[in-house]
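Novice: Okay, here's the structure, questions in a sec.
The values are calculated or read from the model by the stated rules, or taken from the named source; none is laboratory data. Treat the numbers as computed from the prediction; the structure is a model and nothing was measured. Methodologically, a virtual Cβ is constructed for each residue, glycine included, from the backbone with ideal geometry; neighbour enumeration extends over all protein chains shown.
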């Protein structure tokens, strides 16, 4: 590009278009292994179930296969003369293609307790609790690349280093409480649903591996550093720099959400309901821990209060109701 400050006619932009084949004929469907065991029991008015599970995903795919491409910049002092340009510099870019690279694992325990309708208060109680732990990482065909070429004094050339990708894990404990109360004389029933997020954490993993796996030269060629040489002092300048706050485990405090629903039967097979979600409009702010020093970042938790009415009926029952009159 050339921008002439005074003459539009002398301003110039030359665009070159390159087309690359992003096909990956070796791409495979991912597979998943899942194991689950459950226990279900009823004792008197109480029933409960306990379930444990383990799930493992292999070869998950994503559009992040990195392919480096090097281009040459030319200086053309006599444009539009067909005289060949003078090589001036190189530009290292890349394009992406689909690859099998994602791995993940999750496990957890789920518990459910329910009762029959309790006398006097005419209430059915249900409690569901679930603890889930999950982690994800990448195979050795997916790396983190430095954004641009940089000069390395030990290698005496411009290179673009790359490192093993970081992973992550998260876990959470969520408890749901549900109370269904009948008022038969009024034809009403009340449902109070309470959600408690008792535990919510997440952490970035793999940060301790700061050694470069390899580097890309200005001409687009890739050099993989042998595993036994990654700690060699000549590759010291290629280490990944990670801010200290990345090591912090994000841990959020207890969070409650209360929903109310009141339903009224009109005739057989029909009902009208009024509902309020987040009835107390409880939307606390959480100050994030994993942020740069001096930064203050908040996250708003829980959705806004939401309310409305619903009507439902069974058409056949409605027709029979009309025929009676």
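Conditions (1) within 23 Å of residue 64 (Cα to Cα); (2) buried (at least 17 other Cβ atoms within 10 Å of the Cβ), marked per residue:
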residue: 150; (1), (2): yes, no
residue: 162; (1), (2): yes, yes
residue: 186; (1), (2): no, no
residue: 189; (1), (2): no, yes
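Novice: Can you tell me which residues in the stretch 148-178 are closer than 20 Å to residue 200 by Cα and over 30 Å from the mean Cα position of the chain (by Cα)?
Specialist: none
Novice: Mind listing whichever residues of the stretch 74-93 are closer than 22 Å to residue 160 by Cα, at pLDDT 85 or above and surrounded by fewer than 14 Cβ atoms within 10 Å (Cβ to Cβ)?
Specialist: If the condition is that a residue be closer than 22 Å to residue 160 by Cα, at pLDDT 85 or above and surrounded by fewer than 14 Cβ atoms within 10 Å (Cβ to Cβ), then 87, 91, 93 are the ones that fit.
Novice: Then there's this: For the structure I just gave you, tell me whether residue 126 is over 26 Å from the mean Cα position of the chain (by Cα), touching a residue at least 60 places away in the same chain (Cβ under 8 Å), outside any loop (DSSP other than H, G, I, E, B) and closer than 30 Å to residue 253 by Cα. Break it down stepwise before answering.
Specialist: On the way: over 26 Å from the mean Cα position of the chain (by Cα): yes; touching a residue at least 60 places away in the same chain (Cβ under 8 Å): no; outside any loop (DSSP other than H, G, I, E, B): yes; closer than 30 Å to residue 253 by Cα: yes.
In short, no.
Novice: Considering every residue within the stretch 2-14, establish whether at least one is in a strand (DSSP E or B) and loosely packed, with under 12 Cβ neighbours inside 10 Å. Even if it seems obvious, please write down each step before you answer.
Specialist: Keep residues of the stretch 2-14 that are in a strand (DSSP E or B), which gives 2, 12.
Retained after the next criterion (residues that are loosely packed, with under 12 Cβ neighbours inside 10 Å): 2.
So far as the stretch 2-14 goes, yes, one or more of its residues are in a strand (DSSP E or B) and loosely packed, with under 12 Cβ neighbours inside 10 Å.
Novice: Taking the stretch 267-288 as the region of interest, how many residues are in contact with a strand residue (DSSP E or B) (Cβ under 7 Å, 6 or more places away or on another chain), farther than 25 Å from residue 201 by Cα and surrounded by fewer than 14 Cβ atoms within 10 Å (Cβ to Cβ)?
Specialist: Qualifying residue count for the region: 2.
Novice: Scan the stretch 116-145 residue by residue and report those that are crowded, with 17+ Cβ neighbours inside 10 Å and either touching a helix residue (DSSP H, G or I) at 6+ places or on another chain (Cβ under 8 Å) or over 30 Å from residue 34 (Cα atoms) (or both).
Specialist: Correct list: 124, 125.
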